[in-house]
Amino acid sequence: MIKLMIVEDEPVCRENLENIPWSDIDIELIGSAGNAYDALEKIKTNAPDIIISDIQMDNGDGFYL
């Protein structure tokens, strides 16, 4: 199964992405983060295959995760 992580600083957007039935298409949501710093720590420990990331966040951006 493909491992997915979501990085989004807007809570409503993050929750909507988390609520997509990912398992229906053989994707496992392994975590989410509300900012780039939290995302980096989770990426190091969980090694996702795919990251859906906001591009512009308060403390970083999705290009440099």
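The values are calculated or read from the model by the stated rules, or taken from the named source; none is laboratory data. On a predicted model such as this, the values are computed, not experimentally measured, just so you know. Note that we place each Cβ from the backbone using ideal geometry, even for glycine, and neighbour counts take in every protein chain shown. Ligands, DNA and RNA are stripped out before the accessible areas are found, and what is left, the full protein with its side chains, is counted by its heavy atoms. Shrake-Rupley method; radii C 1.70, N 1.55, O 1.52, S 1.80 Å.
Things to note:
- Only helical runs count toward this figure. For the chain, summing -39,500 (n - 2.57) over DSSP H runs of n ≥ 4 and dividing by all residues gives -8500 deg cm²/dmol at 222 nm.
- For the range 14-61, the fraction of 1.4 Å probe accessible surface lying on carbon and sulfur atoms is 47 percent.
- Charge dipole (debye, nearest 20) of the chain; +1 at Cβ of Lys and Arg, -1 at Cβ of Asp and Glu: 240
- With both residues required to sit in the chain, DSSP beta bridges show an antiparallel share near 15%.
- Solvent exposure of the chain, expressed per residue, is 66 Å² of accessible area, with all protein chains present and a 1.4 angstrom probe.
- Inter-site label distance for Tyr37 and Ile51 at 7 Å from Cα along Cβ, in nm: 1.7
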